[in-house]
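The values are calculated or read from the model by the stated rules, or taken from the named source; none is laboratory data. Worth saying up front: this structure is predicted, and the values here are computed from it rather than measured. Note: ideal-geometry Cβ built from the backbone for every residue, glycine included; neighbour counts use all protein chains shown.
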Amino acid sequence: LSSKLPWVGTTIFTVMSKLASDTGAINLSQGFPGFDCSPELVALVEKYMKTGFNQYAPMTGVPVLREALAQKTELLYGVSYHPETEVTVTSGATEALFAAIMAVIRPGDEAIVFEPAYDSYIPAIELNGGIPVLVTLTPPAYAIDWTEVGRKITDKTRLIVVNTPQNPTGRVWTADDLAQLAALVKDRDIWIVSDEVYEHIRFDGRPHLSLATHPVLQERTFVCGSFGKTFHVTGWKIGYCLAPKELSVEFRKIHQYLTFSTITPVQYALADYLKNPVHYETLPDFYERKRNLFLEILRGSRFQFTPTEGSFFQTVSYRAITDEPDYDLAIRLTKEIGVASIPVSVFYRQKNDYNILRFCFAKDDEVLLQAGERLQRL
Ligand code: PMP
Ligand code: GLN
């Protein structure tokens, strides 16, 4: 069989998590919490499983969850999405991203992607015959050069992929970023897929500016979210897509043949849990404390960094320690000092020597301290 993705191997997250597990290293590579979710949420799932909510959910998601998502979006961002026609529950944000990209991209269409980019965007574009057009963001600021973005927009551009807060850099979009993007796409046939899975994990009082908050952007955007990051349940793989009706119609045509629907009892449980805003309002403080602990640890090391603005990742430069390629270093550190990380070059298609590693700090404090003690030895 000739490969449709010849340049793709096993994802770095799988490679590093396996190496960490094989070697017994502390795993700060793949992004997932090292602690469990709320017992209250587990009890809700159990309740629905035991009371007969175990058959197919409606294709678009159970109504109470779509309503809870619409209410949350109205409350936080002041934007109304109709639960019946504009909110769709998916099997993780990964499915939402793929379906949204598939809804937009036809063979030969161009899609602008900011790199470093989360690993699923470019394969999804290429599998649909699209051509990724890369805008490279460089450390330490990872700022977007909007003049360059403007230059890269052509008559063939149909899609721009946005990720805020961004994995792996932690960069959070500002009101100026939104305004610049809006000015570029206004009156053009360009759609936006906005990956906002870290919407509740941002620091130092920064707001999350959903693309839904800007009217010019809202009308052309598929906002993709996930419960995995918000409620510490990455293994449940439940996400969603918010999009205006005409976009949701096309999105749903694809979703119904990708997965059709998503686990029923968990959807009911999430609907109940989501109704109490405390469950997500406390997240920025919870993770800011962990970020600060990790930064304190890094200050005692030779790694250099700018505090991450959002997400549960911190990127660091290791220039002062070694000049070996980041992939080699990530493997060596896992084997030699027992701390696994992600080499940031894998998020770039353009080869580079930025010498950056990504650490996930969504771990218990003792684990972070133990990893810190090892990192400080370098
Ligand atoms: N987007 C980004 C930026 C992510 O980091 C992740 C996974 N951690 C996803 C999407 C996928 O989310 P899900 O697990 O809900 O599919
Ligand atoms: N999003 C997670 C990360 O960036 C990994 C998810 C996955 O393994 N596909 O580490």
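Here are some notes:
- Apart from one condition, residue 322 fits all of (1) more than 15 Å from ligand 2 (Cβ to nearest atom); (2) crowded, with 17+ Cβ neighbours inside 10 Å; (3) assigned to a loop (DSSP other than H, G, I, E, B); the exception is (2).
Here's the yes/no breakdown for (1) without any contact (Cβ under 8 Å) to a residue 60 or more places away in the chain; (2) away from ligand 2 (no atom under 16 Å from the Cβ); (3) farther than 30 Å from residue 128 by Cα:
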position: 2; (1), (2), (3): yes, yes, no
position: 50; (1), (2), (3): yes, yes, yes
position: 63; (1), (2), (3): yes, yes, yes
position: 67; (1), (2), (3): no, yes, yes
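- Test for residue 79: is it more than 16 Å from ligand 1 (Cβ to nearest atom) and part of a helix (DSSP H, G or I): no
- The condition of being more than 21 Å from the chain's Cα centre (by Cα), outside the structural domain of residue 88 (by TED's automatic domain parsing) and under 18 Å from residue 27 (Cβ atoms) holds for only one of 357, 298, that being 298.
- Restricting segment 211-232 to residues that are out of contact with any strand residue (DSSP E or B) (no Cβ under 6 Å at 6 or more places or on another chain) and either part of a loop (DSSP other than H, G, I, E, B) or at pLDDT below 95 (or both) leaves a set whose member that is nearest to ligand 2 (Cβ to nearest atom) is 232.
- Yes/no for residue 132 being assigned by TED's automatic domain parsing to the domain that holds residue 102, surrounded by fewer than 23 Cβ atoms within 10 Å (Cβ to Cβ), closer than 21 Å to residue 347 by Cα and within 15 Å of ligand 2 (Cβ to nearest atom): no
- Looking only at segment 221-232, and only at residues there that are crowded, with 24+ Cβ neighbours inside 10 Å and either among the β-branched types (Val, Ile, Thr) or more than 9 Å from ligand 1 (Cβ to nearest atom) (or both), the one that is nearest to the chain's Cα centre (by Cα): 223
- Residues within segment 177-196 that are touching a Gly at 6+ places or on another chain (Cβ under 6 Å) and surrounded by 19 or more Cβ atoms within 10 Å (Cβ to Cβ), tallied: 1
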